[in-house]
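Here is the structure we will look at, set down as structure tokens.
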Amino acid sequence: MNANKALWEKGNFSEIAAYMRESGREVAEALGITPGMKVLELGCGDGTTAFPIAGLGADVLGVDIASNLVTAANETVAKEGLTNIRFQEGDARDLRDLEDNTFDLTHTCFGAMFAPDPFDVAREMVRVTKPGGRIVMGNWIPGDETSFVSLLLQIGSSFTPPPPEGFVSPMLWGVDGHIVERFVAAGISAENITTQKGVFTFYANDKSPEDFINALRTWYGPTMNAYEAARTNGKEDELHGRLVEMANAQNRSTDGSTSIPATFLRVTVQV
């Protein structure tokens with residue numbers, strides 16, 4: 001079994017994506033989409049940013065490794081009767097079903113960064129993007145005290161066994177030097193690679209930060225694994241307490257609802 005596939009098919013990421021819909025629309029609106037643009041949404045989940053991109057008039061293909069999320073996305077397509085968006089299963093490391101020079105924009109929002117073999121991922125994104133097109137990535141930043149997800153993964157990893165030998169942290173996609181190295185190896189000039197910090201906010205008007213942590217505990221693969229490891233070591237309550245404390249500290253809402261901003265790195269590559 002592909003370990004990455006198993007991780008993202010664990011639980012149900014759609015439950016977490018519910019907190020991401022509003023910011024997903026904001027991300028899509030910042031991409032400069034024009035009608036008829038051909039867009040690949042890589043690591044698309046159930047369509048958090050893919051559907052808003054299609055709503056702006058692009059012709060969108062969403063690709064994700066998790067079959068349950070692809071199924072959920074295609075069910076939405078059928079329900080809404082959409083004709084300019086479709087979803088299929090695929091691996092960001094090997095987009096063998098996609099031809100060279102196909103897309104005006106290859107976009108990934110906290111998706112492709114989690115695939116193993118980052119040099120292969122960069123090469124494939126460059127390969128399927130048209131010359132003159134763009135690749136845009138949204139990546140979490142390691143060790144960033146203003147990034148909820150960075151802190152979430154950092155705390156969770158402190159309760160889990162060390163990763164296997166040769167493991168490459170997905171968070172390195174949030175480090176400029178690694179980004180440049182990977183895309184240069186894929187044939188891109190360094191001057192065509194730019195980065196800029198942005199903010200992605202997790203919203204829920206009717207849920208508290210602790211509700212959000214409970215959703216992550218129940219539905220989000222990496223956090224589910226952290227809780228399972230902590231339970232084995234008799235430290236589940238400690239992990240939960242630390243995560244709830246962190247979420248409350250990061251929350252910007254004052255009425256008991258959830259509004260947690262998370263700094264991320266927007267990577268733009270001119271192909």
Exercise. How about region 191-215: which of its residues are in contact with a Leu (Cβ under 7 Å, 6 or more places away or on another chain), in contact (Cβ under 8 Å) with a residue 40 or more places away in the chain and surrounded by 14 or more Cβ atoms within 10 Å (Cβ to Cβ)?
Worked result: T195
Problem set entry | Enumeration of residues in region 86-115 that are of a type outside the set (S, T, Y), over 18 Å from G32 (Cβ atoms) and touching a helix residue (DSSP H, G or I) at 6+ places or on another chain (Cβ under 6 Å) | F87, E89, A92, R93, L95, L98, D100, A112, M113, F114, A115
For this session: Search region 55-70 for residues being among the aliphatic types (A, V, I, L, M) and in a helix (DSSP H, G or I), and hand back the single one that is surrounded by the most Cβ atoms within 10 Å (Cβ to Cβ).
Result: L69
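Within region 246-271, track down each residue that is within 14 Å of F148 (Cβ to Cβ), hydroxyl-bearing (S, T, Y) and not in a strand (DSSP E or B).
Correct list: S253 only.
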Exercise. For A230, all conditions in the list (1) crowded, with 17+ Cβ neighbours inside 10 Å; (2) under 30 Å from N101 (Cα atoms); (3) not charged (D, E, K, R) hold save one; what is the number of the exception?
Worked result: (2)
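Only one of V180, V168 is out of contact with any strand residue (DSSP E or B) (no Cβ under 8 Å at 6 or more places or on another chain), within 23 Å of D117 (Cα to Cα), of a type in the set (A, V, I, L, M) and not in a strand (DSSP E or B). Can you tell me which?
V168
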Problem set entry | Residue that is nearest to the chain's Cα centre (by Cα), among those in region 236-271 that are surrounded by 16 or more Cβ atoms within 10 Å (Cβ to Cβ) and among the charged types (D, E, K, R) | R266
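G174: surrounded by 20 or more Cβ atoms within 10 Å (Cβ to Cβ), modelled with pLDDT of 95 or more, under 28 Å from T223 (Cα atoms) and not aliphatic (A, V, I, L, M), yes or no?
yes
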For this session: Run down R127, R86, R96 and say which single residue is assigned to a strand (DSSP E or B) and free of Cβ contacts under 8 Å to residues at least 60 places away in the same chain.
Result: R86
Exercise. Tell me, which residue of region 12-44 that is small (G, A, S) and in contact with a strand residue (DSSP E or B) (Cβ under 6 Å, 6 or more places away or on another chain) is farthest from V121 (Cα to Cα)?
Worked result: S23
Exercise. Taking region 143-165, which residues are touching a strand residue (DSSP E or B) at 6+ places or on another chain (Cβ under 8 Å) and hydroxyl-bearing (S, T, Y)?
Worked result: T146, S147, S150
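The values are calculated or read from the model by the stated rules, or taken from the named source; none is laboratory data. Since the structure is predicted, the reported quantities are computational estimates derived from the model, not experimental observations. Glycine gets a Cβ as well: all are built from the backbone with ideal geometry, and neighbour counts include every protein chain shown.
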